[in-house]
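Enquirer: I am attaching a structure below and will ask some questions about it afterwards.
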Amino acid sequence: MLFCPMERDVRMKSGSTLEKVLRAGKFAFTGELGPPRGVNVEAVREKARHLKGVVDAVNITDNQTAVVRMSSWATSLIVLQEGLEPNFQMVCRDRNRLAMQSDILGICAHGIRNMLCLSGDHQQFGDHPKTKGVFDIDSIQLISMVKRMRDEGTFLNGIEIDGPPEIFIGAAANPFAEPFEWRVYRLAKKIEAGADFIQTQCIYNMDKFRDWIRQANDMGLTERTYILAGVTPLKSVGMAKYMKTSVPGLDVPDEYIDRLQGVERKKQGDEGIRMACEQIKEFKEMKGVAGVHLMAIEWEHRVPEIAERAELLPRPQV
Amino acid sequence: MIVGERKPIEEIVEMIKGYKRVLNVGCGGCTSICLVGGQKEVDILNAELRKACKAENLSIEIDAFTIERQCNADFFSELDPMIDDYDAVLSMACGAGVQFVAERYPGKPVFPALNTVFVGVDREIGWYEENCRTCGECVLGETGGICPVTRCAKGLFNGPCGGTTVDGKCEVNSDVPCAWYEIYERLKQQDRLENILAVKIAREWENQTQRSLIQEAYKKRYAKER
């Protein structure tokens, strides 16, 4: 039943900063930047400036929650111009295998070296709920396709690529969705398909996460991939309740809500950051956790403060 | 079975309102079995149409005739001599039947009275559920007899996605079980989890152009025609 423990491939795959930090054994720190719902380039640059020098790479979301935004590759280019390393996200919902492969070549041609492969939120949750979801291939098949393009130098159909892309391949994992005991095997499938690194869903239930990472350690999976623990600071009681009840695949224990309710409204954001920093400090010591992925939703300007308080600065120079 | 539902009466009236004599043709096949397009439903629809036409001051004569199946030309022989008496045809078959009638009588406008919805099973009388997307490459042998193409909202081959709820439901609809949760549970029960442990590679979709099929035993017979 178990996957054979295999050693990590030691060769540099992409030369991205994120890859170098992780290969150097440093604790990685990634952020997130949501593209604007329009051509507001300045909004992207403004968000990027807060993150520059603070994170090793920043995830650029791809029509997140199935809402139309500036494309993730275009936003990634703007971020790159700002001197910040993008982690280009791609979902299976909006593109077939032709569009996916051409976009992968395109981003790599423009110097983007990290990519996160996702299924994507179902279109029903977005702003065009009756659109036709593509899902030509699924996220694990996408990971496998990117690996094939990079390592074998061929497209999905086996035809040779004229200059294969160099990509550090990422995937997501949700340790909290059911069936819980199968989740670590799905992680194993993603690694088997070619995931160099993993960014997890936002973690609140630490007991469950500890259990999941222990299983990953026991199966040798943390030797084969780098796992970045997902953290989203809660800004208020309202946000905590929303995350608990309305976001699929999240597990927010009541203790978070109780702690936020225990402080006055103006100080709830600060308390949320304090809780996030406590989590980050534990992740830094946790076997099998190689870094933290901070998804500070529309709170990019608070990231430097969070990084400072969580003692993640200065970032390693690699 | 192919399952359909009746179009709204207003939409049907709109289609036939320019004609004087309309023949409503029922189908004794799937749409009869799913209680939407057999002789009984033809009579019910015609009664509703007469009432609706009267209310709109339309003078349309509507007759009824049900054949055994609209998806096989052999059953059209009884219909053939009647068709000239009408200037439009309404069909209560699935989309395949409607097209076969239209192909048989190219000079007659043929209108669908139903929307063809899915291939499925009877949950109870009058209650149906989609179970097959006719993708052409069945994986049910590996997935514990639960179809991920049809029942997973994202059609994942390497599920479950991160949206499975605490009680094993789909993130898209809390009344619907997560297909991959059920696949996992069933395979675990049968001690066959190794079926879904390996990465399932991208498939070659065979349903992207119109398909036709000749059974093996008949290939010689149709060799010339092809």
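The values are calculated or read from the model by the stated rules, or taken from the named source; none is laboratory data. What you see is a predicted model, and the numbers here were worked out from it, not measured in a lab. For neighbour counting, all protein chains shown are included, and Cβ atoms are generated from backbone atoms with ideal geometry for every residue, glycine included. Accessible surface is based on the protein model in full, side chains and every heavy atom, while ligands, DNA and RNA are left aside. Shrake-Rupley method; radii C 1.70, N 1.55, O 1.52, S 1.80 Å.
Enquirer: Please verify whether the stretch B:165-184 includes one or more residues that are of a type in the set (Gly, Ala, Ser), surrounded by 12 or more Cβ atoms within 10 Å (Cβ to Cβ) and farther than 26 Å from A:Lys147 by Cα. So that I can check it myself, show each step before the final result.
Expert: Here is the first cut: in the stretch B:165-184, the ones of a type in the set (Gly, Ala, Ser) are B:168, B:174, B:179.
Now drop any that are not surrounded by 12 or more Cβ atoms within 10 Å (Cβ to Cβ), which leaves B:168, B:179.
Narrowing the set further to residues that are farther than 26 Å from A:Lys147 by Cα leaves B:168, B:179.
Yes, there is a match, as at least one residue in the stretch B:165-184 is of a type in the set (Gly, Ala, Ser), surrounded by 12 or more Cβ atoms within 10 Å (Cβ to Cβ) and farther than 26 Å from A:Lys147 by Cα.
Enquirer: Please work out which residue is farthest from the other protein chains (Cβ to nearest Cβ), limiting yourself to the stretch B:171-198 and to residues that are modelled with pLDDT of 95 or more and in contact with a Pro (Cβ under 9 Å, 6 or more places away or on another chain).
Expert: Per the stated criteria, the residue is B:Ala179.
Enquirer: Kindly indicate the residue of the stretch B:191-226 that is part of a loop (DSSP other than H, G, I, E, B) and touching a Ser or Thr at 6+ places or on another chain (Cβ under 9 Å) and also surrounded by the fewest Cβ atoms within 10 Å (Cβ to Cβ) among those meeting that condition. Walk me through it before giving the result.
Expert: First, the residues of the stretch B:191-226 that are part of a loop (DSSP other than H, G, I, E, B): B:191-192, B:197-215, B:219-226.
Now narrow it down to the ones that are touching a Ser or Thr at 6+ places or on another chain (Cβ under 9 Å): B:199, B:201-202, B:207, B:211.
On the way: B:Val199: 18, B:Ile201: 16, B:Ala202: 18, B:Asn207: 12, B:Arg211: 9.
Among them, the one singled out is B:Arg211.
Enquirer: Please verify whether A:Thr245 is open to solvent by 70 Å² or more (accessible area, probe 1.4 Å) and polar (S, T, N, Q), treating the condition exactly as stated. Spell out how you get there, then give the answer.
Expert: Values: open to solvent by 70 Å² or more (accessible area, probe 1.4 Å): yes; polar (S, T, N, Q): yes.
Judged against the criteria, A:Thr245 is a match.
Enquirer: Here's another thing I want to ask about it. Among the residues of the stretch B:86-102, is there at least one that is charged (D, E, K, R) and in contact (Cβ under 8 Å) with a residue 60 or more places away in the chain?
Expert: So in the stretch B:86-102, the residues charged (D, E, K, R) come out as B:87.
Checking which are in contact (Cβ under 8 Å) with a residue 60 or more places away in the chain leaves us with B:87.
Yes - at least one qualifying residue is present in the stretch B:86-102.
Enquirer: Select from the stretch A:78-118 the residues that are within 14 Å of another protein chain (Cβ to nearest Cβ) and among the β-branched types (Val, Ile, Thr) and list them in ascending order.
Expert: The answer is A:Val91, and nothing else.
Enquirer: How many residues are modelled with pLDDT under 95 and open to solvent by 70 Å² or more (accessible area, probe 1.4 Å) if we restrict to the stretch A:268-300?
Expert: Adding up the residues that qualify gives 2.
Enquirer: Within the stretch A:134-174, count every residue that is at the interface with chain B (Cβ under 9 Å from one of its Cβ atoms) and open to solvent by less than 10 Å² (accessible area, probe 1.4 Å). Before the answer, list the steps.
Expert: Start the filter on the stretch A:134-174 by keeping residues that are at the interface with chain B (Cβ under 9 Å from one of its Cβ atoms), which leaves A:135-145, A:156, A:172-174.
Now restrict to residues that are open to solvent by less than 10 Å² (accessible area, probe 1.4 Å): A:137-143, A:145.
So the count comes out to 8.
Enquirer: Would you pick out the residues in the stretch A:175-201 that are of a type in the set (S, T, N, Q), within 11 Å of another protein chain (Cβ to nearest Cβ) and open to solvent by less than 10 Å² (accessible area, probe 1.4 Å)? Step through it out loud before you land on a result.
Expert: Residues of the stretch A:175-201 that are of a type in the set (S, T, N, Q), as a first pass: A:199-201.
The next check asks that each one be within 11 Å of another protein chain (Cβ to nearest Cβ); those that pass are A:200-201.
Passing the criteria: only A:Thr200.
Enquirer: Also, quick follow-up: Return the residues of the stretch A:202-236 that are open to solvent by 10 Å² or more (accessible area, probe 1.4 Å), part of a loop (DSSP other than H, G, I, E, B) and under 25 Å from A:Ala307 (Cβ atoms); say none if nothing qualifies.
Expert: Within the stretch A:202-236, A:Asn205, A:Lys235, A:Ser236 qualify.
Enquirer: Mind listing just one residue for me: the one in the stretch A:53-72 that is surrounded by 20 or more Cβ atoms within 10 Å (Cβ to Cβ), away from every other protein chain (no Cβ under 14 Å) and free of Cβ contacts under 8 Å to residues at least 60 places away in the same chain and, of those, farthest from the chain's Cα centre (by Cα)?
Expert: It comes out as A:Met70.
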